[in-house]
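Colleague: Quick one: this structure, given as structure tokens, is what I'll be asking you about.
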Amino acid sequence: MPSAPGTAEFDDIAPVYDDSRGGTARAAGFADQLAPLLDSERWVLDIGVGTGIVAAELTERGHTVFGVDLSAGMLARARSRLGRRVAVADAGRLPVRTASVTQAVSTWLLHTGPDRRAVFGEVARILRPGGRYLVIPARGMRPVDDIGRIVNELEDRLDPAGSRQDGPQSLAPVAAEHGLVYEGTASERPTSFEVSPQQMARSLSEGGLFTGAWKVSGEDVEIVQQACERLRALPDPAVPRVREMSDFVMVFTRARRHHR
Ligand SMILES: C[S@@+](CC[C@H](N)C(=O)[O-])C[C@H]1O[C@@H](n2cnc3c(N)ncnc32)[C@H](O)[C@@H]1O
């Protein structure tokens with residue numbers, strides 16, 4: 001089954017996706033953050049379900065999860081975990097009845113470049129009044145250590161409109177346009193990882209940029225290379241920096257009344 005345009009990168013990385021993104025430990029951590037915010041009596045829609053690794057962990061915690069995704073390669077893996085409860089669909093055009101969903105989740109979806117206005121428009125349409133959309137962002141926090149300053153500047157040059165940023169500042173206004181109220185964050189969980197400037201430069205120059213979902217081309221390749229040179233020129237470039245971050249859930253609620 002061919003994938004829709006824009007998700008070919010995910011077809012390519014599907015075989016290594018889980019292991020290269022923290023494996024079951026990440027998925028279990030996300031499920032632990034989401035589960036207390038979900039009603040186990042109602043089913044959950046996972047939008048951008050990917051390989052189903054997070055959905056499978058939610059299932060283990062007693063939730064019934066349905067999933068949609070645009071990448072056939074990712075979905076093939078989700079199907080092996082969730083069976084027939086997954087379908088190919090665009091998050092911006094959900095094959096779901098209006099006001100039929102109590103709770104939906106997305107983990108690491110909105111930084112990959114889908115049309116976020118379309119996604120929030122669809123979420124607002126399918127949620128029942130009072131229903132909730134729980135989002136775990138990939139870039140909810142941008143560390144401002146010496147690596148972070150260079151990488152953040154690079155991201156801002158490559159994406160001046162911020163269409164790859166998925167923290168509250170970027171998403172709350174878009175949600176509000178569609179009558180989704182941003183309630184704040186929940187289930188915050190501090191994380192830390194180590195990376196050296198050299199490792200970050202290698203990852204960027206090998207195209208590991210931003211989860212591999214954001215392939216650069218043309219003039220942008222030169223911009224990435226400049227950032228890599230700056231990273232390698234930092235003091236002690238082989239010494240890993242401990243990067244303090246946190247994973248959190250953003251909670252959006254469908255207003256009980258919304259006048260467009
Ligand atoms: C970084 S992966 C995250 C997958 C999964 N949620 C997880 O946490 O493991 C992003 C997923 O979003 C999917 N995706 C990107 N744009 C989409 C769209 N417009 N509609 C549906 N899925 C989309 C990709 O195919 C990919 O599987």
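Colleague: Could you list, in sequence order, the residues of segment 81-98 that are more than 11 Å from the ligand (Cβ to nearest atom) and out of contact with any Gly (no Cβ under 8 Å at 6 or more places or on another chain)?
Modeller: Gly83, Arg84, Pro95, Val96, Arg97, Thr98
Colleague: Does segment 188-209 hold any residues that are basic (Lys, Arg) and at pLDDT below 90, and which are they?
Modeller: So in segment 188-209, the residues basic (Lys, Arg) come out as 189, 202.
Scanning segment 188-209 gives a single hit, Arg202.
Colleague: Filter segment 99-110 down to the residues that are more than 7 Å from the ligand (Cβ to nearest atom), surrounded by fewer than 23 Cβ atoms within 10 Å (Cβ to Cβ) and closer than 19 Å to Leu34 by Cβ and list them by number.
Modeller: First pass over segment 99-110, keeping only residues more than 7 Å from the ligand (Cβ to nearest atom): 99-105, 110.
In the following step, the residues that additionally are surrounded by fewer than 23 Cβ atoms within 10 Å (Cβ to Cβ) were identified as 99-100, 102-103.
Passing the criteria: Thr102, Gln103.
Colleague: Considering each residue of segment 185-208, count those that are more than 17 Å from the chain's Cα centre (by Cα) and exposed (fewer than 13 other Cβ atoms within 10 Å of the Cβ), and give that number.
Modeller: Going through segment 185-208, the residues more than 17 Å from the chain's Cα centre (by Cα) turn out to be 190, 192-207.
Now narrow it down to the ones that are exposed (fewer than 13 other Cβ atoms within 10 Å of the Cβ): 190, 192-194, 206.
Qualifying residue count, segment 185-208: 5.
Colleague: State all residues of segment 25-59 that are at negative phi, modelled with pLDDT of 95 or more and either within 9 Å of the ligand (Cβ to nearest atom) or hydroxyl-bearing (Ser, Thr, Tyr) (or both); if no residue qualifies, say none.
Modeller: Just the residues of segment 25-59 that are at negative phi, to begin with: 25-47, 49, 51, 53-59.
Still in the running and modelled with pLDDT of 95 or more: 27-47, 49, 51, 53-59.
If the condition is that a residue be at negative phi, modelled with pLDDT of 95 or more and either within 9 Å of the ligand (Cβ to nearest atom) or hydroxyl-bearing (Ser, Thr, Tyr) (or both), then Ala27, Phe30, Ser40, Asp46, Ile47, Val49, Thr51, Ile53, Val54, Ala55, Thr59 are the ones that fit.
Colleague: Which residues, taken from segment 19-61, are in a loop (DSSP other than H, G, I, E, B) and small (Gly, Ala, Ser)? Working first, answer last.
Modeller: Going residue by residue through segment 19-61, those that are in a loop (DSSP other than H, G, I, E, B) are 21-22, 38-43, 48-52, 61.
Hits for segment 19-61 are Gly22, Ser40, Gly48, Gly50, Gly52.
Colleague: Right, something else. Inspect segment 172-195 for any residue being assigned to a helix (DSSP H, G or I) and among the polar types (S, T, N, Q) and give the result as yes or no. Quick ask: steps written out before the conclusion?
Modeller: First, pick out the residues of segment 172-195 that are assigned to a helix (DSSP H, G or I): 172-177.
Restricting the remaining residues to those that are among the polar types (S, T, N, Q) gives none.
Looking through segment 172-195, none of the residues is assigned to a helix (DSSP H, G or I) and among the polar types (S, T, N, Q).
Colleague: Tell me which residues, restricted to segment 133-153, are within 23 Å of Ser106 (Cβ to Cβ) and of a type in the set (A, V, I, L, M, F, W, C).
Modeller: Listed by number, the residues that qualify are Leu134, Val135, Ile136, Ala138, Met141.
Colleague: Okay, moving on. Counting just the residues of segment 125-144 that are more than 16 Å from the ligand (Cβ to nearest atom) and at pLDDT 90 or above, which one comes out surrounded by the most Cβ atoms within 10 Å (Cβ to Cβ)? It would help to see each step written out before you state the result.
Modeller: Pass one, segment 125-144, residues more than 16 Å from the ligand (Cβ to nearest atom): 127-132, 141-144.
Applying the additional criterion that residues be at pLDDT 90 or above yields 127-132.
Values: Leu127: 27, Arg128: 15, Pro129: 12, Gly130: 10, Gly131: 20, Arg132: 22.
Only one residue tops the list, namely Leu127.
Colleague: Now, a different point. Go through the residues of segment 231-249 one by one and say whether even a single one is within 24 Å of Ala99 (Cα to Cα) and either aliphatic (A, V, I, L, M) or modelled with pLDDT under 95 (or both). So that I can check it myself, show each step before the final result.
Modeller: At the first step, the residues of segment 231-249 found to be within 24 Å of Ala99 (Cα to Cα) are 249.
Narrowing the set further to residues that are either aliphatic (A, V, I, L, M) or modelled with pLDDT under 95 (or both) leaves 249.
Yes, some residue in segment 231-249 is within 24 Å of Ala99 (Cα to Cα) and either aliphatic (A, V, I, L, M) or modelled with pLDDT under 95 (or both).
The values are calculated or read from the model by the stated rules, or taken from the named source; none is laboratory data. Keep in mind that what you see is a predicted model, and the values were worked out from it rather than measured. As a convention, Cβ positions derive from the backbone with ideal geometry for all residues, glycine included, and neighbour counts pool all protein chains shown.
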